[in-house]
Amino acid sequence: MPRFLPEPEHRHGAVAKAAVLLVNLGTPDAPTRRAVRRYLGQFLSDPRVVEVPRALWWPMLHGLVLNTRPRTSARRYARIWTPEGSPLRIHTERQARLLAAGLDREVRTPVVVEHAMRYGKPSIPEVLARLKSEGCERILIIPMYPQYAASTSASAFDAIAACLQQMRNVPEI
């Protein structure tokens, strides 16, 4: 297994691209028990979110929480779900589109604007890999949280750092 992810082919004379990545917390793919279980499993497995020793937390998470909570949470998600999907995903996508349009009007150099979710889809690794493959060498990352917290901003930067460790040539962040 290679140590680093494959690098995009270098093209002499190609202009390096810049990108803005809006990062939000995340959402299940659907308001179903299975999708909510998958989302909660990822979210509640993060040591920045639940700061309990793993030996104590894992049995509770996999024995109790992920077998009872998804049913209740799925019903609650269903109440706020729209025909377009999760409100958080819809609004984050809209913010990215509006920012891209504003930057197109105000900035001479093209800037790619994407969004990612810390938990769920589109994932941070998926979007960073896509930006890198598109030739983005400068990426401004904006956590979309109202204030700093270890369970939000720090967790997002943990995920970003893990992605960057897999890249041979790291973009400017």
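The values are calculated or read from the model by the stated rules, or taken from the named source; none is laboratory data. Since the structure is predicted, the reported quantities are computational estimates derived from the model, not experimental observations. Positions of Cβ are backbone-derived with ideal geometry, glycine not excepted, and every protein chain shown enters the neighbour counts. The protein model used for the area step is the full one, side chains on, heavy atoms only, and it has no ligands, DNA or RNA in it. Shrake-Rupley method; radii C 1.70, N 1.55, O 1.52, S 1.80 Å.
Observations on the structure shown:
- In the condition set (1) in a helix (DSSP H, G or I); (2) under 19 Å from the mean Cα position of the chain (by Cα), residue 68 is compliant with all but (2).
- For region 129-144, the count of residues that are within 13 Å of residue 22 (Cα to Cα), open to solvent by 30 Å² or more (accessible area, probe 1.4 Å), part of a loop (DSSP other than H, G, I, E, B) and not hydroxyl-bearing (Ser, Thr, Tyr) is at least one.
- Selection of first residues in region 48-59 that are more than 21 Å from residue 153 (Cα to Cα) and of second residues that are at pLDDT below 95 and among the aromatic types (Phe, Trp, Tyr), restricted to Cβ pairs under 7 Å at least 6 apart or on distinct chains, gives an empty result.
- Counted residues, region 67-104 - those being among the polar types (S, T, N, Q), more than 18 Å from residue 32 (Cβ to Cβ) and either crowded, with 17+ Cβ neighbours inside 10 Å or free of Cβ contacts under 8 Å to residues at least 60 places away in the same chain (or both): 1
- Yes/no for residue 29 being assigned to a helix (DSSP H, G or I), among the acidic types (Asp, Glu) and open to solvent by 30 Å² or more (accessible area, probe 1.4 Å): no
- Of all residues making up region 118-173, the number that are touching an Asp or Glu at 6+ places or on another chain (Cβ under 6 Å), more than 18 Å from residue 42 (Cβ to Cβ) and hydroxyl-bearing (Ser, Thr, Tyr): 0
- Taken together, the criteria exclude residue 41 from residues that are open to solvent by less than 40 Å² (accessible area, probe 1.4 Å), on the phi > 0 side of the Ramachandran plot and not basic (Lys, Arg).
- Of all residues in region 17-32, one or more are touching a helix residue (DSSP H, G or I) at 6+ places or on another chain (Cβ under 7 Å) and of a type in the set (D, E, K, R).
- Reported count of residues in region 145-173, each being open to solvent by 30 Å² or more (accessible area, probe 1.4 Å) and closer than 18 Å to residue 91 by Cβ, is 2.
For (1) closer than 21 Å to residue 24 by Cα; (2) of a type in the set (Lys, Arg); (3) in contact with an Asp or Glu (Cβ under 6 Å, 6 or more places away or on another chain), each residue gets a yes or a no:
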site: 49; (1), (2), (3): yes, no, no
site: 55; (1), (2), (3): no, no, no
site: 67; (1), (2), (3): no, no, no
site: 76; (1), (2), (3): yes, yes, no
site: 85; (1), (2), (3): yes, no, no
site: 89; (1), (2), (3): yes, yes, no
site: 95; (1), (2), (3): yes, no, no
site: 99; (1), (2), (3): yes, no, no
